[in-house]
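Let me begin by presenting the structure, written as structure tokens, before commenting on it.
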Amino acid sequence: MEKLAGTLPKAELHLHIEGTFEPELIFSIAERNKIKVPFASVEALRAAYEFQDLQSFLDLYYAGMNVLRTEEDFYDLALAYFEKAHAQNVLHAEIFFDPQAHTARGISFDVVIEGLSKAVSESKKKFGITSKLIMCFLRDQSAESAMETLESALKYGDRIVAVGLDSAEVGNPPQKFKDVFDRARANGWLTVAHAGEEGPPEYVWEALKILKVSRVDHGVRSLEDADLTRHLIEEQMALTVCPLSNVRLKVFSHLKQHNLKKMLELGIRATINSDDPAYFGGYVSDNFRAAQNALELSQEELENLARNSFHASFLTDAERAKYLSMVDDAVKHWHGLNRQDCCQHD
Ligand code: ADE
Ligand code: ZN
């Protein structure tokens with residue numbers, strides 16, 4: 001079954017490109033840009049990845065991306081992710097980026113999006129992976145700063161599929177960004193938001209009702225509210241769940257305590273994603289495998305998770321149908337292999 005978790009075709013829908021920045025690449029880009037990293041070595045940096053909560057992670061996450069300066073840096077970062085994603089059977093990725101974390105350091109929006117867009121095109125050519133960009137606003141910054149960011153992104157309209165909301169959740173409710181999200185939707189962009197990761201179920205309601213999101217990122221605290229749980233099931237609203245992230249940031253004390261299996265049993269459209277794989281110990285198939293082991297997910301549940309990832313994506317219906325038939329083929333192939341295994345042993 002571990003093998004099935006790896007080989008199933010998947011879409012990844014909750015992935016911060018800056019969270020794929022592996023220590024080795026941080027050091028090599030720092031050297032290219034003649035910037036000193038405040039850690040003695042790759043090993044020392046990796047050893048610092050012990051988090052108490054979301055904020056303690058964010059402090060290192062923002063420090064790490066400080067070495068990204070040029071279009072080439074953003075290109076290299078994204079292409080390194082696509083290579084890993086390809087090896088884990090990701091066929092489609094919807095990727096977050098945090099423009100304010102770069103513009104605040106004097107890097108222009110254009111440098112960020114040009115570098116990422118080139119990697120998006122190259123990954124289609126090189127790996128056949130389709131991808132879309134989701135521009136996130138940092139919720140611990142002001143709504144005015146988010147609106148300014150949105151203005152600088154308008155000229156890149158069709159390179160961005162949606163806007164999102166990330167960074168420190170508690171104390172920064174979705175309603176703070178109502179006007180920004182209204183403007184984004186008026187511009188034709190879809191909306192998503194991190195909600196119910198550390199924040200309460202009320203934040204998930206606000207994301208749904210006020211920001212009119214098409215998916216909820218994380219959303220694991222939704223199950224504390226029975227009405228919200230019912231609503232998510234009725235609407236088949238997707239949650240982009242990130243199991244290893246939730247354990248590393250102490251949302252759950254152990255993967256065995258995670259409510260992902262409960263979500264599937266209730267009929268919630270849950271998906272598995274890696275969030276910030278360079279920091280949390282694994283890419284998307286690693287998350288599938290870890291969740292499968294800890295929660296004893298059945299074969300049917302794994303297949304369901306792979307299908308949900310395409311159902312919840314922003315692909316066109318024709319693209320979605322093509323990818324879903326690839327999941328069906330992989331499952332048939334898997335059953336065929338298992339039948340052969342069984343009969344050879346008989
Ligand atoms: N930015 C990067 N990863 C994040 C997470 N898990 N929650 C909120 N903001 C983030
Ligand atoms: Zn996230």
Inset, instruction - Report, as a whole number in µm² per second, the diffusion coefficient that Stokes-Einstein gives for the stretch 106-246 at 25 °C and 0.890 mPa s using the Kirkwood radius over alpha carbon pairs. - result: 154 µm²/s
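To the nearest 20 debye, what charge dipole does the chain have about its Cα centre, counting +1 at the Cβ of each Lys and Arg and -1 at the Cβ of each Asp and Glu?
Approximately 480 debye in magnitude.
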Legend entry - Built amide H within the under 5 Å cut-off of residue 281, gap 5+: none
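At 0.36 nm per residue, minus the direct Cα-Cα distance, what do residue 262 and residue 140 gain on full extension? Give it in nm, one decimal, please.
On the way: separation 122, 0.36 × 122 = 43.92 nm, distance 3.11 nm.
Full-extension gain reported as 40.8 nm.
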Inset, instruction - Rounded to whole Å and ordered largest first, report the semi-axes of the equivalent ellipsoid of the stretch 197-346 derived from its Cα gyration tensor (root of 5λ). - result: 28, 19, 14
Inset, instruction - Would you kindly state how much longer the chain becomes between residue 159 and residue 224 on full extension, computed as 0.36 nm times their sequence separation minus their alpha carbon distance, in nm to one decimal? - result: 19.7 nm
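Using only the Cα atoms of the stretch 189-230, what semi-axes does the equivalent ellipsoid have when each is the square root of 5 times a gyration tensor eigenvalue? Give whole Å, largest first.
Equivalent ellipsoid semi-axes, largest first: 16, 10, 8 Å.
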Legend entry - Label point distance in nm, residue 28-residue 339, each placed 7 Å from Cα along Cα→Cβ: 4.5 nm
Inset, instruction - Stick to Cα atoms and the Kirkwood definition of Rh, then tell me Rg/Rh for the stretch 2-345. - result: 0.95
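Where Rh is the Kirkwood radius over the Cα pairs of the stretch 30-88, the temperature 25 °C and the viscosity 0.890 mPa s, what D in µm²/s does Stokes-Einstein return?
In µm²/s, the coefficient rounds to 186.
Considering only protein heavy atoms and a probe of 1.4 Å, how much of the accessible area of the stretch 2-345 is carbon and sulfur, as a whole percent?
So the carbon and sulfur contribution to the accessible surface is 51 percent.
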Inset, instruction - Name the residues whose placed amide hydrogens come within less than 5 Å of the amide hydrogen of residue 252, ignoring near sequence neighbours (fewer than 5 apart) on the same chain. - result: 247
Inset, instruction - Enumerate the amide H contacts of residue 93 below 5 Å, restricted to partners 5 or more residues apart or on another chain; note that Pro and chain-start residues carry no placed amide H. - result: 12, 130, 131, 132
Inset, instruction - Taking the dipole about the Cα centre of the chain, with the C-beta of Lys and Arg at +1 and of Asp and Glu at -1, give me whichever of 272, 173, 145 is farthest to the positive side. - result: 272
Legend entry - Size of charge dipole - the stretch 152-229 - debye, nearest 20, with Cβ of Lys, Arg +1 and Asp, Glu -1, no other charges: 540 debye
Inset, instruction - Would you mind checking 209/262; 84/125; 10/84; 3/84; 10/322 for any pair whose Cα atoms are more than 19 angstrom apart? - result: 209/262
Inset, instruction - Taking only protein heavy atoms into account and a 1.4 Å probe, give the accessible area per residue of the chain in Å². - result: 41 Å²
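The values are calculated or read from the model by the stated rules, or taken from the named source; none is laboratory data. Predicted model only: the values in this text are computed from it and were never measured. Note: ideal-geometry Cβ built from the backbone for every residue, glycine included; neighbour counts use all protein chains shown. Keep in mind that these areas ignore ligands, DNA and RNA; they rest on the heavy atoms of the full protein, side chains included. Shrake-Rupley method; radii C 1.70, N 1.55, O 1.52, S 1.80 Å.
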